[in-house]
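Q: Before I ask anything, here is the structure I am working with.
The values are calculated or read from the model by the stated rules, or taken from the named source; none is laboratory data. As the structure is a prediction and not an experimental result, all values here were calculated from the model. Neighbour counts run over all protein chains shown; Cβ positions are idealised from the backbone, glycine included. Just the protein is used for accessible areas: all its heavy atoms, side chains included, with ligands, DNA and RNA removed. Shrake-Rupley method; radii C 1.70, N 1.55, O 1.52, S 1.80 Å.
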Amino acid sequence: MTALPARDAYRLWAPTYVAETAITALECGLVDALTPPLHGLRLLDAGCGTGRRLRDCGAASAVGVDLSPEMLDAGDAADDPTISLLVGDVRTLPLPDAAFDVSWCRLVIGHLPICAPAYAELGRVTAPGGTVIVSDFHPRAHEAGHRRTFRSEGVVHEIEHYIHTLPDHRAAASAVGLRLVKIREAPIGPEVRLFYERADRMALYDEHVGLPVVLALTFRREG
């Protein structure tokens, strides 16, 4: 199977992306736990997909940026007057400096061959004292043979993915004034058992249980 570049992959995935997967469900649990209360805060979701995580997030204002216009068009976040959606690359965000109190970059950095440019932009647009939360496909999952895939019109496609280790993340973040304050990971477990049951793949569940598949990191923007 030839891996598709992210831009091509998400263009194909957009019509059915609304459906949760085991990976996205586990990732959402981690980010929800790491995100501070958003009331009165300015939120950025860099690589927001359809913008679905911005709906009803509680922030005073929310901005989503994604490379794929098809993904943005597939969601309904634009109907919310507190949400702004922009087409753009996480490595060159079309946003001013220090504009956000909390910045997410969720399951995006693994699609980039080098993570430093994305961290540079997250550091630039996050206000001093602000929070940056980055999630990624866990390196151990990739080492175990797992891949980021999706199904479109009956065909399974793999998405181009690059491994970034914890030292890679830490070094890229530190270089732009982001201090690592929390590390969390999510393994395959009872929370996502239902996804395997629905797919009639319980033998795989027994094989995968306990394997960490999502890594989430919280950084503080230094003054």
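Q: Cβ-Cβ below 8 Å, separation at least six or inter-chain, first residue in segment 23-48 and more than 27 Å from PRO69 (Cβ to Cβ), second part of a helix (DSSP H, G or I) and open to solvent by less than 50 Å² (accessible area, probe 1.4 Å): which pairs?
A: LEU26/VAL192
Q: Also, I was wondering about something else. So which pairs qualify, if the first residue must be in segment 117-135 and of a type in the set (D, E, K, R), the second must be surrounded by fewer than 23 Cβ atoms within 10 Å (Cβ to Cβ) and assigned to a strand (DSSP E or B), the Cβ gap must be under 8 Å, and the two must be at least 6 apart or on different chains?
A: These pairs meet every condition: GLU121/THR92.
Q: Here is a follow-up. Out of GLY130, GLY210, GLY223, I need the residue that is outside any helix (DSSP H, G or I), over 27 Å from ARG7 (Cβ atoms), at pLDDT below 95 and in contact with a strand residue (DSSP E or B) (Cβ under 6 Å, 6 or more places away or on another chain). Which one?
A: The conditions single out GLY223.
Q: Quick one: ALA144 ticks every box in (1) open to solvent by less than 40 Å² (accessible area, probe 1.4 Å); (2) at pLDDT below 95 except a single one, so which number is it?
A: (1)
Q: Could you please let me know if ARG151 is assigned to a strand (DSSP E or B), within 23 Å of VAL18 (Cα to Cα), open to solvent by 70 Å² or more (accessible area, probe 1.4 Å) and in contact (Cβ under 8 Å) with a residue 40 or more places away in the chain?
A: yes
Q: State yes or no: is MET1 out of contact with any strand residue (DSSP E or B) (no Cβ under 7 Å at 6 or more places or on another chain) and either open to solvent by 30 Å² or more (accessible area, probe 1.4 Å) or modelled with pLDDT of 95 or more (or both)?
A: Judged against the criteria, MET1 is not a match.
Q: Please give the number of the condition ALA203 fails out of (1) modelled with pLDDT under 95; (2) of a type in the set (Gly, Ala, Ser); (3) in contact with a Pro (Cβ under 9 Å, 6 or more places away or on another chain).
A: It fails just one condition, (3).
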